[in-house]
Amino acid sequence: MRDVYVVGVGMIKFGRYPEMDIGELGGQAVHLALKDAGLSIKDVQMVASGNLYQTNMSGQRVLKEIGMTGVPVYNVANACASGSTAFREAYFAVASGAYDIALAVGTEQMGKMGLLGAPRDPSTSPEGVLGTGLMPGVFGMAGMEHMRKYGTTIEQFAKVSVKNHKHAIYNPLSQYQVELSLEDVLNSRMVSYPNTLYMCCPTGDGAAAAIVVSPEKARQLAGGGTLIKVAASALTTDPFTPRDLALADVNTMTRNCARQAYEQAGLGPQDINSVELHDCFATAELLHYENLELCGEGEAGRLIDSGATALGGRVPVNTSGGLLSKGHPIGATGVANICEIVWQLRGQAGQRQVPNHKAGLAHTIGLGSACAIHILTK
């Protein structure tokens, strides 16, 4: 296996684009990534496309907008980790030596889709009988369990939303750029305790793309500039664990993935300068502080209180605004997280820039499906 470098990234502003399809959305993001890398679509030797709800030939639909060159196209659906899995496929295509230049693109068009995880056949569904599979309920219960075990408060969970919305005002590509007070978050409509409306990520449309290359190509394209290395690429699924079937395990998969990623990178959590993690709900972000070893077991509430995960803190989390404010068009999210880390490593993040940024971690998780973690360094 050889080293792999990211030489181009691009994403469109997340939002709602009812007049466009995923091909057009993805085409825009790919154009931006190609321009960023100084390449054309003719240079790309392999494409991996992440998409969940329009996954049928999603990669080919993007290429029809920018140029069909006859290269292999892999279409990936892996729940909320679809985009991250596509990036990993592109990474391995280059790491293996099979290709020198590969493209990962993530797209999704969700519109105002309803609750994720809703049962399709009520006659056979255990919904409401054996816990819940609705995502607000799953992460509401996970938050309640953390409150029971460690005394975490609803105010501490709400601070996640306050922080991420504040970060988003500095991100022109964020779906929402509105600063919220703690009272705003706490007083918004309750969705699934302790998560209020502003503690739940929105649906929306979007696309993001990244180009990865071999070391030789990276040196040619960098022109003496910053080289961004993929130091780790880890992907896990849920193992069997003896647990209460009414309470979904939202932690083990990420913990296993984090251990693998740190080992691959030869780094520890203390070496990470910023994190883009999967804050589908405010409760999820606090849980993942512990899962990613940013703090000890039961210490996540105190970590958010300390300001350590805000801009200017020890390890800023979701400088992009996170899913809560940047948005969560499912297939695009994983690649968008990579984009943010690349911009941070290059020093191109504007007012949300983390000083002296040398290593960043991007995390996505599709509950019951997959967790992907990538560590990028310069």
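The values are calculated or read from the model by the stated rules, or taken from the named source; none is laboratory data. Bear in mind that the values here come from a model prediction, so they are computed numbers and not experimental data. Ideal geometry is used to build each Cβ from the backbone, glycine not excepted, and the neighbour counts take in all protein chains shown.
Computed values, structure above
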read-out: Given (1) closer than 23 Å to Val62 by Cβ; (2) of a type in the set (Gly, Ala, Ser); (3) not in a strand (DSSP E or B), number of the condition Ala208 does not satisfy; value: (3)
read-out: Conditions (1) under 21 Å from Lys166 (Cβ atoms); (2) free of Cβ contacts under 8 Å to residues at least 12 places away in the same chain: number failed by Gln270; value: (1)
read-out: Filtered residues of the range 301-328 (kept if closer than 22 Å to His374 by Cα and in a helix (DSSP H, G or I)); value: Gly322, Leu323, Leu324, Ser325, Lys326
read-out: Counted residues, the range 344-360 - those being surrounded by 23 or more Cβ atoms within 10 Å (Cβ to Cβ) and either under 21 Å from Leu32 (Cα atoms) or without any contact (Cβ under 8 Å) to a residue 24 or more places away in the chain (or both); value: 2
read-out: The range 339-374, residues that are closer than 30 Å to Gly133 by Cα and touching a strand residue (DSSP E or B) at 6+ places or on another chain (Cβ under 6 Å); value: Leu361, Ala362, His363, Thr364, Ile365, Gly366, Ser369, Ala370, Cys371, Ala372, Ile373, His374
read-out: Answer residue from the range 151-196, given it is outside any loop (DSSP other than H, G, I, E, B) and farther than 28 Å from Gln353 by Cα and is farthest from the chain's Cα centre (by Cα) among those; value: Asn187
read-out: Members of the range 303-323 found to be among the hydrophobic types (A, V, I, L, M, F, W, C), touching a His at 6+ places or on another chain (Cβ under 7 Å) and crowded, with 24+ Cβ neighbours inside 10 Å, listed by number; value: Leu323
read-out: Counted residues, the range 122-178 - those being of a type in the set (Phe, Trp, Tyr) and surrounded by fewer than 23 Cβ atoms within 10 Å (Cβ to Cβ); value: 3
read-out: Residue match in the range 48-65 (condition: surrounded by fewer than 24 Cβ atoms within 10 Å (Cβ to Cβ), in contact (Cβ under 8 Å) with a residue 12 or more places away in the chain and small (Gly, Ala, Ser)); value: no
read-out: Residue within the range 286-293 that is closer than 29 Å to Gly224 by Cα and surrounded by 24 or more Cβ atoms within 10 Å (Cβ to Cβ) present; value: no
read-out: Filtered residue count, the range 265-281, keeping only those that are of a type outside the set (Val, Ile, Thr) and in a loop (DSSP other than H, G, I, E, B); value: 8
read-out: Positions within the range 73-104 being free of Cβ contacts under 8 Å to residues at least 60 places away in the same chain and in a strand (DSSP E or B), in sequence order; value: Val73, Tyr74, Asn75, Val76
read-out: Selection status of Leu245, under 25 Å from Ser320 (Cα atoms), of a type in the set (A, V, I, L, M), surrounded by fewer than 19 Cβ atoms within 10 Å (Cβ to Cβ) and out of contact with any Cys (no Cβ under 9 Å at 6 or more places or on another chain); value: no
read-out: Flag if Gly224 is free of Cβ contacts under 8 Å to residues at least 12 places away in the same chain and more than 30 Å from Met199 (Cβ to Cβ); value: yes
read-out: Criterion violated by Gly70 - all others in (1) among the small types (Gly, Ala, Ser); (2) over 20 Å from Asp205 (Cβ atoms); (3) touching a Ser or Thr at 6+ places or on another chain (Cβ under 9 Å) satisfied; value: (3)
read-out: Among residues of the range 14-45, those that are surrounded by fewer than 18 Cβ atoms within 10 Å (Cβ to Cβ) and under 19 Å from the mean Cα position of the chain (by Cα), counted; value: 1
read-out: Residue that is of a type in the set (Gly, Ala, Ser), closer than 19 Å to Ile228 by Cα and crowded, with 21+ Cβ neighbours inside 10 Å, where the choices are Ala93, Ala81; value: Ala93
read-out: Total residues in the range 108-150, condition assigned to a loop (DSSP other than H, G, I, E, B) and modelled with pLDDT of 90 or more; value: 1
read-out: Hits in the range 220-264 - residues which are outside any helix (DSSP H, G or I), at pLDDT 95 or above and basic (Lys, Arg); value: Lys229
read-out: Of the criteria (1) closer than 21 Å to Trp343 by Cβ; (2) in a helix (DSSP H, G or I); (3) of a type outside the set (Asp, Glu), which one Leu39 fails; value: (2)
